[in-house]
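Inspection log for the structure reproduced underneath, given as structure tokens.
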Amino acid sequence: MRRGTQVIKPRIREILGRELPAELVNLLPKHWVRIGDVLILPLREELEPYKHRIAEVYAEVLGVKTVLRKGRISGEFRETNYEVLYGSDTVTVHVENGIKYKLDVARIMFSPANVKERVRMAKVARPGEMVVDMFAGIGHLSLPMAVHGGARVIAIEKSPYTFKFLVENIELNGVWDRMTAYNIDNREFPAENVADRVIMGYVVRTHEFIPKALSIAKDGAVIHYHNTVPERLMPEEPFRTFREIAREYGVEVEKLNELVIKRYAPGVWHVVVDVRVFK
């Protein structure tokens, strides 16, 4: 992720300072997110009348093809709701840690704030182990495991639109011999006791899928369980809920590691827990 720097901001201010009312210049975005050659810009309502010109200047100075206005991420498929302010092509290839991620930034979520977790997944994977990614997206977490870790991956993605990019990314990164993609609801995945490692990279409702993750996992497997947790329930959660559900299915679990990914909402955190299961 690239953010604004003191080198770039003066040029933006110089151009727009000649065109915008003086009181609005200080409201110009000081930070932004760049994914490939697409920029996501947070823009205050006061700047609404000038949004297209502002986007044009940021695009020219920062060298991107398209600028989107930051919006909300919602729905079952965690789809973005971003307004196109400049340009028209919202599909890009973002390169991170040697991985190529092709996606439509206007419709598919890609959080630069999760970079540490994507890098970590590349390091925890072992050559030849079987990984099942239950919420694969475009391969956010499982591509690093196949590319850098040498793992065999079954990547499951329910959204047909996102799945198209998942397949393209498998080809782009040359891991078609190690990754198999399924465009289904992960609860329809028929295999049991097959995974050495399971990725549950979802939020808010992830606990609903714990029984399926347990059925996919082998005895001794590790499950990387993501969920959103109110700060007042930490540090007991989210592991407590995972353990309670696992015991309902006759499975014992051990917490190996717990990491805070990022703030999800005021007073709510996105957390990942690494859990070993014993059947």
**Report entry** Leu259 under 16 Å from Met121 (Cα atoms) and either under 24 Å from the mean Cα position of the chain (by Cα) or modelled with pLDDT under 95 (or both)
**Finding:** yes
Query raised in the report: For Arg197, are the conditions met, namely being touching a residue at least 40 places away in the same chain (Cβ under 8 Å) and among the charged types (D, E, K, R)?
Result: yes
Report summary line: Among residues of the range 104-115 being open to solvent by 30 Å² or more (accessible area, probe 1.4 Å) and touching a residue at least 40 places away in the same chain (Cβ under 8 Å), the residue farthest from Lys51 (Cα to Cα) is Val115
Report summary line: Output for Cβ contacts, cut-off 7 Å, separation at least six or different chains, first residue more than 12 Å from Val275 (Cα to Cα) and without any contact (Cβ under 8 Å) to a residue 60 or more places away in the chain in the range 244-257, second in a helix (DSSP H, G or I) and open to solvent by less than 100 Å² (accessible area, probe 1.4 Å), reads Ile245/His207; Ile245/Ile210; Ile245/Pro211; Tyr249/Pro211; Tyr249/Leu214
Report task. Show the residue pairs that are 6+ apart or on different chains and have beta-carbon atoms under 6 Å apart, the first residue being within the range 219-234 and more than 14 Å from Val198 (Cα to Cα), the second being of a type in the set (Ser, Thr, Tyr) and open to solvent by 30 Å² or more (accessible area, probe 1.4 Å). Result -> Thr228/Tyr264
Query raised in the report: Does the range 134-150 include one or more residues that are open to solvent by 10 Å² or more (accessible area, probe 1.4 Å), assigned to a strand (DSSP E or B) and not aromatic (Phe, Trp, Tyr)?
Result: no
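The values are calculated or read from the model by the stated rules, or taken from the named source; none is laboratory data. Every value quoted in this text rests on a predicted model; they were computed, and no experiment measured them. Ideal geometry is used to build each Cβ from the backbone, glycine not excepted, and the neighbour counts take in all protein chains shown. Side chains are part of the model used for accessible areas, which takes the heavy atoms of the whole protein and leaves out ligands, DNA and RNA. Shrake-Rupley method; radii C 1.70, N 1.55, O 1.52, S 1.80 Å.
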